[in-house]
Structures are given as C-alpha cells and as structure tokens.
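The values are calculated or read from the model by the stated rules, or taken from the named source; none is laboratory data. Just so we're clear, the structure is a prediction, and the values are computed from it rather than from any experiment. All Cβ positions, even for glycine, are placed from backbone atoms using ideal geometry, and neighbour counts span all protein chains on display. Heads up: the accessible areas ignore ligands, DNA and RNA and are worked out on the full protein's heavy atoms, side chains in. Shrake-Rupley method; radii C 1.70, N 1.55, O 1.52, S 1.80 Å.
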Amino acid sequence: MTQDAKLLEVRDIGRTFGGLAALSGVSLTINRGEIYALIGPNGAGKTTLFNILTGIYKPDSGNFRLEGVEMAGKKPSELAKSGISRTFQNIRLFANMSAIENVMVGRHCRTRASVLGAILGNSNTRAEEKSIAEMAKHLLDYVGLSRHAHMLARNLSYGDQRRLEIARALATEPKLLALDEPAAGMNPLETDSLKRLLETIRRDGVTLLLIEHDVKLVMGICDRLAVLNFGKKIAEGEPSQVCSDPLVIEAYLGAS
Amino acid sequence: MKKHLKLAAYAALLLLLPFATGLALGKTWVRILDFALLYVMLALGLNIVVGFAGLLDLGYVAFFAVGAYCYALLASPHFGLHLPFWMILPIGAFSAGIFGMLLGAPTLRLRGDYLAIVTLGFGEIIRIFLNNLDTPYNVTGGPQGIDLIDPIRLGPVSLNQPPGHAVYSYYFLFLLFALATAFVSTRLQHSRIGRAWAAIREDEIAAEAMGIDTRNVKLLAFAMGASFGGLSGGLFAGFEGFVSPESFTLTESIMILSMVVLGGMGHIRGVVFGALLLAILPEALRYVGPLEQSLFGKIVVDPSGLRMLLFGFSLILVMLLRPAGLWPSPTRKRELLAHGETAKHENTDIYDAGR
Amino acid sequence: MDIFLQQLINGIVLGSIYSLVALGYTLVYGIMGLINFAHGDIVMVGAMVTLTVARLLSDSGLPGPLVLGIGMLTAIPACMAVGYLIERIAYRPLRNAPRLAPLITAIGVSILLQNLAMMIWGREYLSFPQILPTRTMAVGGASISAIQLLIVASSTIMMAGLSSLIRKTRLGNAMRATAQNPEVATLMGVNVNTIISITFVLGSALAAVAGMMVSAYYGIAHYDMGFILGLKAFTAAVLGGIGNIEGAMLGGLLLGIIESMGAGYLGTLTGGVMGSNYQDVFAFFVLILVLIFRPSGLLGERVGERP
Ligand SMILES: Nc1ncnc2c1ncn2[C@@H]1O[C@H](COP(=O)(O)OP(=O)(O)OP(=O)(O)O)[C@@H](O)[C@H]1O
Ligand SMILES: [Mg+2]
C-alpha cells in the first residue's frame, strides 16, 4: 500500500490584522517529498502563512491538516512535535548559546529525560544525552558547520546563521521543513551551496516549503509553487507555467 | 593527579574553615558562615528561575517562608507535632514548589514584567497572612511567630549538642546541603531541561517553535527554584529555633536577587561567590556604626540603610557596567562584547496580553 | 450613617489617587514597554517634599490650601527631576539590552530612593500638619471632607488636562507615534529620546501630585509608602489595560472602590474572621484575576500581535 501522497492540506485560511486582510481564502496542497515554493511581493502574506502553519498565529478562518490530521489551533510546540518545523525570516537563533547547543535544543521534543533523570544521571539519561550530542554533531556536519560547533551563534556569519537555523529545525525530525527566505543576505556562492543542501535534504526524505525572493533559486529548485499577492493565491503550478501567467507578471511588475 | 590535590585542598579548607574562624573571630562569625551557606542555597535556587530561565522573581523569600513555617508548624509545641526533619524538609520543599507553580501559572503566558510584579506582590501577601493568621485560629502565631522549634536531629543526636557548639554542627549540615544544591544545579544546567531553560531565556518564541512547551518548562523552573527556597527555609527554622514574619521581608528577596545578579546570572560559581560576598560583606558594615560613633560622636548614616544602598547601587551598576556579573561564565563573557544583538530578537510582544 | 455611600465616597477618593499614579505606569509602559518599578517611590518623594514644606510653613499663618499649593509646587519639580534622572541614568543606557536588565536596574533605583529617603527623613512615620479645615459636608447619610473634595476635583482636572494634551497637541501626537512604533516615529522626525524623557517627567509630575494627596489625606508619610501604593496603582493600570490612558483612570477608580468596599464589608461577610488588616490583599487578588481572565484589561484592545 502506498502512503497518501498529500502531506499538508491548507484550506481556506484567512487572517486579518486590524482590518487588513493579510491572508484570505488561501488553499494549497503539498505532496510528500516535493519542494514547494511560496513567492509573492513584499507584504503578500507569506510569512503570515508560515506563522499560522507553525502555530504562532491562530487563523481567523480555515484549517490545515498534516497527514490528514487537523492541526489548526495547536500550539507551536505541538506542531513541531507533529512534524512541522521552520526557520525565521529575521533569524531567531539562541544567540548566546553555542552552535551545537542550538541544535541540541532542537532535539528537545524527541527526547524525554526528566528533572530526576538529569539530577541522578542514570544510564538512560546519559545514553540519551550522548545520542543528542551525536545527532547534533552529525547535523552540523550535514549543513557544513562542524568547524564552528562551539562558537556562539551570535558570532557566526550571516550565511552560517541561516544554515544553523536549518540544522536546528532538522533536529526536530520534521516531515515538513518550512524555510522563510533562507537565501536572504547570501552571496551567489553561498546561495549555490544552499541550493545543494536543500536538494540533499529533500533526497533524505524531508518535504520542503520554501519562501524565497531569489527567483533563480526558486525556479531552479522547486517542483511546484504558489504565488501570493495581497493575501490571495493568484497562481499555482509548475515553475514554467507560473512564470508565464499574466496575473503573476502583473503582480510583480505592478508591485515594483 | 593535580586535580585530586586541588580537590583535597578545597575539602580541607571547607572542613577547617569554621574552626579557624571560630578561633580567630569568635563564634558570631561562625554563625555568619552558617547563614552564608543558607544564602548560597537560596541564591542557587533563585538562579534557576532568574539565571537559567530568565524569569524575574522578586518575591523569592516567600518560598523560604513557606519552608520555614512548614518546619515550624510540624516540629514545635505550637501544634504539638514533632515530626523528624527528614520528613519535614521534603514536605516544605514540596509545598514551596506548589506555591511556586500556583504563582507562576497566571503570568507565564505574559511578558516577564508581569511575573516580576506578581511575585513582588506575593512576597508581601504571604507576610500579611503570616502576620494575621493568628485569629480566629492561631495558625502562624501572628507577629510573634513560632517559638521553641525542634532542633534538627540526626538519629538520637540533636545538632544543638553539645550546647554552645551548634554553630559548628550546623555548618557541616549546611555545607552538605549547599554542595548538594550546587551539584543539582550543575546537573540541571547541563541537561535537556537546562538547555530548554536557556533557550527560553534567549528567545521564547523560537524555543516554542522548536518544540519546547514553554509553559511547562517555565513552570518547572519556577517549581524547582521555589523548592530550593523551601528546603533552605526548613533548615533555617531548625537552626534558629524561631520563625516570625520579620525574617521574610522584601529586603531579603532583594538581597538574594542581588547575590544572583552581582555574582553572574546563570553561572553557578559566580552565584555562589555573589552569595558569599553579600552575606559576609554587610556584616562588616556592623562595625560602621561604632566607628561613626567614635569618629563623629553620633550615628550619621544608618548602617542598615547603608547596606541597602549598597544593594541598590550594585544592582544598577552591575547591570550598566558588567551585565554578566562580577564572575561571569566564560561564554557569557564573550557575549559582553556585542550586547545589543539579543534585543532584536526580543519580539516577545507576540505573547503579549490579548493573545 | 450610610456605610455603603460612605465607602463609595472613600473609594472614589482613594481611586482618584490610584488613577493618578496608574497614569504614570501606563504612560511609560505605553511609550517604551517598561514597567517603571521606581514610580511608587517617586510618589513617596512627592509626599515627603510636600510634607516638609507644609511643616516649615505651618506656623507662618498662611492659609492651609495655599501652604498645600506651595508644597505641591515644590514637589512637582523635585519629582520631575528625579524622574528625569532615573530615565537618563538607569533606563536609557539599557534600551537595547535584554529585557531583564532594565527591570533589575529599576529595582535598584527603587531601593536607592527608599533608602536615601530614609536617610534624609528618618525611619519614623512623619505626621502631616493639620492645615486644612476638618469641616465635613453631609451628603445623604455620608460625609465628605474638604480634602476629599480637593482630591477628586484636582485629579479630575489633571486627568482631563492630560487627556487633551495627548489627543490634541503636537507633543501628544509625537507621544502616540512613538508608542506605536519608535522607528517609524524617528523617520517622521520625532526625537524619540526627548519624547521618552518628557513622558517620564510628565508621569513624575502626576506622581508628585498624588504624593501630596496621599500624605495630606492620610496625614502621614513614610519612606517605604511608595511600595504598596505603587503595587496597587500598577494593578489599577493592568485592570484598565496597561498602556491605555482612559484605562488607567477607570482601573484606578474601580480598584479604589473595590478596596474600600472590601475593607468596609469583609469583616461582616466573614463573620469577623478577616478584617480590614487584609485590605492590602485585595489589589493583589484583583491583579491575579485580571491576569488570568483578561490580561489585556478592561479597555485594552487586543494588543497587536505584531512582532
Ligand atoms: N502582527 C502583525 N500585526 C499587524 N500586521 C501584520 C502582522 N503581521 C503581518 N502583518 C501585515 O500582514 C501583511 C503580510 O505580512 P507578511 O509578513 O506575511 O508578508 P510577507 O509576504 O512575508 O512579506 P515579506 O516578503 O516582506 O517578508 C503585511 O501587510 C504586514 O504588515
Ligand atoms: Mg516575510
């Protein structure tokens, strides 16, 4: 029996901020294993959608399901536990913790050591602690940061901070990894290696949802994409289709 | 090898300290050492809340009071109960923990400032209740407090024996507990829970988004910190043999907070250092009164006011000049270089009122 | 005597004082998202200064209200200076620091003010000279004293003045803009530092007046009187919706009435078990209940969730 191909179904999501409709009636479906991109001019509502999908905002209307299970209304930590993890547009690392500690925090929801275990330091706890550290090391390696493992997050370069956020999000073992403008502020070289990283992540079985302004990156990497404008979805499909959509062209030209 | 030597030296120092102090300065100063050790425990407890999890608790002494009154009620002629201390201490710690959770619960959804105010109020409220719960039933003994509390007894031996040397036996008991507290703090800090606390302190929203149930983890910090306070309270009651609301004033909370801040929030050695410093230094101010008397022929500045002024100044100066304390942890020291950055991440408004 | 009416009157008087102090919290919070822990102690400074002046002039033969007025006019600039200094020294350098930092310096400032006051004015309760007429007016079975009338009237005037200052003047516009978004305000040419200073100074002036009222009304002043008063006024501000000007006024009045009704009836309700010695506890429970059930307060809008 094959698994259901649909990983995430978003239905009719709406959200207003003091009269401004940041999102209205947005629906989309993301399939298992694909890279799905979300583009649109500034203020189109992309980040707002992310905030809803990760529980930071509650939608005013609509709902969404992960693997068929209703998710709207859950807390961010519950959503992370269910398998949606994210990075932030304005990087939000734990600035005064080392890179490896940042990633270790990501393991929190997949581990269970209690206060008592921590104090007694019994063999289960020690084994778990060891596995956390190993996994964190592995993930730093995976995103290419192992040489900075013990640097404070705040002291990393911008590009490295973005990678660290990805490693931290991966540590929660997400089914869906949502990246909010991961290439922002990167030079072409860094963007290129980011692209390879994203492809590796996909190959390793994680579905990706990607907000990105770098059109070249988006078109080169995603399987399908949706375009938001003024909180509404104005187009969806494969890159080549969407590119030639007159509505999309107008939105971008009109906005710039 | 060298490490062992160092350890042995420390152990010898800690073992001989009270006797040397007693010989050189007299028993009053051994008593001051005992209190310094109690303060170490209190400061380490508050450090869990303020230093590890970044939650400002301004009424910490209330938990100390809960522990102390638990002990006083369960081991004194007041109700005629005389439970052994190994039963009462956990009861006191547990009750304090429960109080901690009850207090934290309504505010943890909100910004840290609210917690600060609520704990500030709570510290006072506890005192008002302690002062007034002598009518209609005499529960707390009112302003007079509770007297004739049983000393701590190890088996058949009371720590008050031999008479007049209690300060020595309590020194070793408190030393044991203080070391245990430091040990537990260290273990917690380097655990999954400790990392979750640090994450919340750094960026609460990111912590929640990374799968940490911030509400529970914060409550846990609160309960843990409070139960340390309750434990020290029990020890205090057994040591003093007497409790009254006088001992649990806001001043005391401020003093403990100053110890944590001055020493270095979140850094265990720094906090221990801060506790010892502020427990012992103000004692030296006792000599200021007589000194003023002999110099000017009258008291010009009230010494206890001077002590508080010192705390006030140290809180402000440390925050302005050395926000990571006098003895910061090695990692926090590096962060001093670039301080403004965290603020940009402090978008706690999302959790503001009206969510 | 009509207990209900009398307690209502007392509550309104008390509430007017709370409102004035609560305004100080709300103004500062609205502009910079900071709870100024030392605000209660500024009220204390106001009380102490007024009291000192009143004592000096009590034998001068000047009419009582005039003495009170002179006391107030001395207290206002003194408190303004204190407020200004506090902001400059303890808060401004930490504007971009982690949130815990200004909270801790605020505590430090509060301790400092209290102990300096203790050194200047001593640890004893100081009594306010009897300079106002003690005549009372009977209103339907209750009585109102001159000082009560004075308190309600002057706090009403001050609040009306503040309201129109904020709504109608350029300064008010700049304050509101800063409260909304300091960066945008800067872009629009507002000097945010100046606005913040002005806000502190305004709040301190209100605190000075409140201090004058408290010490004249209760007839005493003490170096740590600001602590409980500040706590209550903060509760009032939260009750009304912190950051909201009208909310602070409403919250203050409500809290004053709740407290005075509570003090009046608690003994009867609990059969004498709890008396007015628990009066200070009400504010705290009100605070907890508000935080649990309506953290945005009565008039607080759903505060924008904007990060
Ligand atoms: N918390 C909030 N309060 C008020 N308005 C908000 C809030 N969050 C978002 N908005 C508004 O909602 C709209 C959509 O914002 P959003 O951040 O989702 O855009 P975006 O597509 O991510 O833009 P960008 O490409 O600039 O990141 C904007 O007009 C924004 O101002
Ligand atoms: Mg965005």
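Taking the radius of gyration and the Kirkwood hydrodynamic radius from Cα positions alone, what is the Rg/Rh ratio for segment B:128-167, to two decimal places?
Working: Rg = 14.9 Å, Rh = 12.1 Å.
When Rh is taken as the Kirkwood radius, the ratio is 1.23.
Which helices of chain C meet both criteria: a Cα extent of 30 Å or more along the helical axis and a mean Kyte-Doolittle score no lower than 0.5, with helices taken as whole DSSP H segments?
C:3-32, C:64-86, C:100-121, C:146-168, C:192-218, C:245-269
Based on a Kirkwood Rh over C-alpha pairs, give the Stokes-Einstein translational diffusion coefficient of chain A at 10 °C and viscosity 1.306 mPa s in µm²/s.
83 µm²/s
Can you tell me the dipole magnitude for segment C:2-293 around its Cα centre, using point charges on the Cβ only (Lys, Arg +1; Asp, Glu -1), in Debye to the nearest 20?
640 debye
Stick to Cα atoms and the Kirkwood definition of Rh, then tell me Rg/Rh for segment C:154-307. Each step should come with its number before you reach the end.
On the way: Rg = 18.1 Å, Rh = 17.5 Å.
That ratio equals 1.03.
Taking the full set of protein chains and a 1.4 angstrom probe, give the accessible area of B:His190 in square angstrom, rounded to the nearest 10.
120 Å²
First compute the accessible area of chain A with a 1.4 Å probe, then give the percent of it belonging to carbon and sulfur atoms.
C and S atoms contribute 53 percent here.
For segment B:12-146, take every pair of Cα atoms, bin their distances at 5 Å starting from 0, and report each bin as a whole percent.
Computed distribution, short to long bins: 2, 9, 14, 17, 16, 15, 13, 9, 4, 1, 0.
Any idea of A:Lys58's accessible area? Nearest 10 Å², probe 1.4 Å.
80 Å²
Given charges of +1 on the Cβ of Lys and Arg and -1 on the Cβ of Asp and Glu, with all other atoms neutral, how large is the dipole of segment B:146-294 about its Cα centre, in debye to the nearest 20?
In debye, rounded to 20, segment B:146-294 gives about 540.
Going highest first, how would you order B:28-41, C:159-172, A:61-74 by mean Cβ packing within 10 Å?
Per-residue Cβ counts within 10 Å, averaged per peptide and sorted highest first, yield B:28-41, A:61-74, C:159-172.
What do you get for the angle between helix B:250-263 and the principal long axis of chain B? Use alpha-carbon atoms, 0 to 90 degrees, nearest ten.
The answer is roughly 60 degrees.
What does the average come to when, for each residue of peptide B:306-313, you count the partner chain Cβ atoms lying within 10 Å of its Cβ? Numbers along the way, then the final one.
Details: counts 2, 1, 6, 7, 2, 5, 11, 4.
So the per-residue partner count for this stretch is 5.
Relative to the Cα centre, what is the charge dipole magnitude of segment A:24-85, using +1 at the beta carbon of each Lys and Arg, -1 at the beta carbon of each Asp and Glu, and rounding to the nearest 20 debye?
That gives a dipole near 120 debye.
Just the C-alpha atoms of chain B: what Rg/Rh do they give, with Rh taken as the Kirkwood radius?
When Rh is taken as the Kirkwood radius, the ratio is 0.98.
Considering Cα pairs under 8 angstrom that are at least six residues apart, work out the relative contact order of segment A:91-173 and quote it in whole percent.
52 percent
With a cut-off of 8 Å between alpha carbons and a minimum separation of six or more residues, what is the relative contact order of segment B:99-160 in percent?
Relative contact order here is 15 percent.
For segment A:93-111 and segment A:26-55, what is the centre-to-centre distance using only Cα atoms, to the nearest Å?
25 Å
For all pairs of alpha-carbon atoms in segment B:1-51, what percent lies in each bin of width 10 Å, listed from the first bin to the last filled one?
Final binned percentages: 23, 32, 33, 11.
Sequence gap at least 6, Cα distance under 8 Å: using those rules, report the relative contact order of segment C:2-293 to the nearest whole percent.
39 percent.
Using the charge dipole of chain B (Lys, Arg: +1 at Cβ; Asp, Glu: -1 at Cβ; taken about the Cα centre), state which of B:Ile256, B:Ile48, B:Leu133 has its Cα farthest towards the positive end.
B:Ile48
Scanning chain C for GluC sites (Glu not before Pro) in DSSP loops with at most 14 other Cβ atoms within 10 Å, what's the longest stretch left with none?
Longest site-free region, per DSSP loop and neighbour criteria: C:125-300.
Hey, got the average number of other protein chain Cβ atoms within 10 angstrom for residues in B:128-137?
3
Could you sort A:Tyr252, C:Tyr125 by their accessible area in this structure, using a 1.4 Å probe and putting the largest first?
C:Tyr125, A:Tyr252
Out of all DSSP beta bridges with both ends in the protein assembly as shown, state the antiparallel percent to the nearest 5. Mind dumping the intermediate values first?
Values: 32 of 48 bridges.
Expressed as a percentage, antiparallel bridges in the protein assembly as shown total about 65.
Expressed as a fraction of 2.2 N^0.38 Å, the rule-of-thumb size for a compact globular protein of N residues, what is the C-alpha radius of gyration of segment A:54-93? Display every interim value, and only then the final one.
Working: Rg = 10.9 Å, N = 40, 2.2 N^0.38 = 8.9 Å.
Compared with the compact-globule rule of thumb, segment A:54-93 sits at 1.22.
So how do B:Cys70, C:Cys79 rank on accessible area, 1.4 Å probe, biggest first, that is with the largest at the start?
Heavy-atom accessible area, descending, gives B:Cys70, C:Cys79.
So which aspartates and glutamates can A:Lys58 reach, going by Cα to Cα under 19 Å and dropping same-chain residues fewer than 8 places off?
A:Glu9, A:Asp12, A:Glu70, A:Glu78, A:Asp180, B:Glu204, B:Glu208, B:Asp213, B:Asp349, B:Asp352, C:Glu301, C:Glu305
How many angstrom lie between the Cα centre of segment B:205-233 and the Cα centre of segment C:240-271?
First find each Cα centre; the distance between them is then 32 Å.
If you count, for every residue in B:316-327, the Cβ atoms of partner chains within 10 Å of its Cβ, what is the mean?
4
Taking every Cα atom in chain C, find the radius of gyration and the maximum pairwise distance Dmax, and write them in Å.
19.4, 62
Straight-line reach from B:Lys3: which lysines fall under 26 Å, measuring Cα to Cα and dropping same-chain residues less than 8 apart?
A:Lys130, B:Lys333
Given that compact globular proteins tend to follow 2.2 N^0.38 Å, what is the ratio of the alpha-carbon Rg of the protein assembly as shown to that value?
The reported ratio for this selection is 1.03.
Enter the accessible area of B:Arg307 (Å², nearest 10), with the probe set to 1.4 Å and all protein chains included.
70 Å²
How many angstrom lie between the C-alpha centres of segment B:126-151 and segment B:64-110?
Their Cα centres are 14 Å away from one another.
P(r) for segment A:91-173: what percent of alpha-carbon pairs falls in each 10 Å bin, starting at zero?
Cα pair-distance distribution for segment A:91-173, in percent: 20, 49, 25, 6.
By per-residue mean of other Cβ atoms within 10 Å, what is the highest-first order of C:65-72, B:5-12?
C:65-72, B:5-12
What pairs from A:Lys75/C:Lys232; A:Lys81/A:Lys216; A:Lys74/B:Lys218; A:Lys6/A:Lys46; B:Lys2/B:Lys27 go past 26 Å between their alpha carbons?
Cα-Cα > 26 Å for A:Lys75/C:Lys232; A:Lys81/A:Lys216; B:Lys2/B:Lys27; rest within.
When the solvent-accessible surface of protein heavy atoms is calculated with a 1.4 angstrom probe, in what order do B:Glu283, A:Glu134 fall, highest first?
So, going from the largest accessible area down, we get A:Glu134, B:Glu283.
Based solely on its DSSP helices, what 222 nm [θ] is calculated for the protein assembly as shown when runs of n ≥ 4 H residues each add -39,500 (n - 2.57) and the sum is averaged over all residues, nearest 500 deg cm²/dmol?
Result for the protein assembly as shown, helices only: -20000 deg cm²/dmol.
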